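Asker: Dropping a structure here in structure tokens format, bear with me for questions.
Each reported figure results from applying straightforward, stated rules to the coordinates on display, with no laboratory input. Since the model is a prediction, treat every value here as computed from it, not as a measurement. No Cβ is skipped: glycine too gets one built from the backbone with ideal geometry, and neighbour counts run over all protein chains shown.
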Amino acid sequence: MCDDRELKCLKFVQNNIFCKDKQSIENSYIYKTYLNISNNELKKERDYLVNPEYNKPYFGLLERNREEFESILRVANRNRDTSCFPDFTFENGFIEHFQVTSSIENSKGSKHKRKENQFCRKVDTETKKQVLEWSETSRDAVLHSKSWKFQYPEHSYKFLCESFKRNWENHMESYGKYTGPQKIGIFMVEYSESALEMCENVYCDWINGMAQGDMRKQEKFNEYRLSRDKNLL
């Protein structure tokens, strides 16, 4: 099912690969960007069209796989039937998006999303009211400010695993009924809450009294990364 959320997520990935400083990277020799170049040209001019920093998030992909993935992102089309699997299609495969949450979920969706939507509506309403009051009471050029704080509801890794499993099983059921091209299947998993951190457990097989030596430091990430989650993968 494809709506604005899926399109925004795909655009986010495209921008991270083909843009720098929010601008499409242009090859200064042929004056083209990823938007108006052929796949053959992309393969030849890839070094001048792809953000070099984007190699960091790639995991387990050879160069030919990365080139293929980048070509797919350029030509993937939105499913004309926005209510059906998958969200995007291309010549020999599909891209399907789903969103996961680390907050509590029920029939109305995630608690985090509901709270966030309520907060945004409140801020929008109060902002309009405040601007009107300031415009009526301030005759001189005075700088005004007002701030709001969003309090996160409860989040946990357990909730994230449950959400991922539930969404994955639902999408696998839809995938099982899909009869279109399936040579390449891409699942675009979105986690946008930034509520969890990760810290590597280097002591999982530790024995009390065993010397540590020069064991490397733990890896720590300020945000959850599926690529480092052996449990879910």
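Asker: If the label point is 7 Å along Cα→Cβ of Arg114, which residues in the stretch 154-177 have backbone nitrogen under 16 Å from it?
Answerer: 154-155
Asker: Any chance you could run the full-extension gain for Asn36 through Glu200? It's 0.36 nm times the residue separation minus the Cα-Cα distance, nm to one decimal.
Answerer: Going from the current span to full extension adds 54.8 nm.
Asker: Something else now. With both bridge residues required to lie in the chain, what share of the DSSP beta bridges run antiparallel, to the nearest 5%?
Answerer: Roughly 65 percent of the beta bridges in the chain run antiparallel, per DSSP.
Asker: Hey, another quick one. Starting at the first residue of the stretch 94-99, write each ³J(HN,Hα) from the Karplus equation 6.51 cos²θ - 1.76 cosθ + 1.60 with θ = phi - 60°, in whole Hz, x for Gly and Pro.
Answerer: 8, 10, 10, 9, 8, 10
Asker: Follow-up question, since we're still on this one. 222 nm [θ] for the chain, helices only, -39500 (n - 2.57) per DSSP H run of 4+, per residue, to 500?
Answerer: -12000 deg cm²/dmol, from helical runs alone.
Asker: Which links in Lys43/Lys113; Lys20/Lys177; Lys146/Lys220; Lys8/Lys32; Lys111/Lys146; Lys149/Lys230 stretch past 29 Å when you go from one Cα to the other?
Answerer: Correct reply: Lys43/Lys113; Lys20/Lys177; Lys146/Lys220; Lys149/Lys230.
Asker: So for the stretch 55-120, Kirkwood radius off the Cα pairs, Stokes-Einstein at 25 °C and 0.890 mPa s: how many µm² s⁻¹?
Answerer: It comes out at roughly 164 µm²/s.
Asker: Also, I was wondering about something else. What does the charge add up to near Ser147, with Lys and Arg as +1, Asp and Glu as -1, over the other residues with Cβ less than 14 Å from its Cβ?
Answerer: +2
Asker: In whole percent, what relative contact order does the chain give with Cα contacts below 8 Å and a gap of six or more residues?
Answerer: This gives 20 percent for the chain.
Asker: Would you kindly calculate the translational diffusion coefficient of the stretch 107-154, applying Stokes-Einstein with the Kirkwood radius from alpha carbon pairs, for 20 °C and a viscosity of 1.002 mPa s, and quote it in µm² s⁻¹ without decimals?
Answerer: The estimated diffusion coefficient comes to 167 µm²/s.
Asker: Which length gain, in nm to one decimal place, applies between Met172 and Asn77 when the Cα-Cα distance is subtracted from 0.36 nm times their residue separation?
Answerer: Between Met172 and Asn77, full extension yields an extra 32.1 nm.
Asker: In whole Hz, what ³J(HN,Hα) sequence does the stretch 24-37 give by Karplus (6.51, -1.76, 1.60; θ = phi - 60°), x for Gly and Pro?
Answerer: Here the 3J(HN,Hα) series is 4, 6, 10, 6, 6, 8, 10, 6, 10, 10, 4, 6, 10, 10 Hz.
Asker: Using the Karplus curve 6.51 cos²θ - 1.76 cosθ + 1.60 with θ = phi - 60°, what ³J(HN,Hα) values do you get for each residue of the stretch 173-180, in whole Hz, with x for Gly and Pro?
Answerer: 5, 5, 4, x, 9, 7, 10, x
Asker: Let me ask something additional. Rounded to the nearest 0.05, what FRET efficiency do Lys43 and Ser107 give with R0 = 45 Å and r taken as the Cβ-Cβ distance? Could you check?
Answerer: The computed FRET efficiency comes out at 0.40.
Asker: How would the chain be classified by its alpha-carbon gyration tensor: rounded, prolate or oblate, with rounded meaning a/c under 1.5 and the a/b versus b/c comparison settling the rest?
Answerer: It is rounded, given that a/c, with a ≥ b ≥ c, falls under 1.5.
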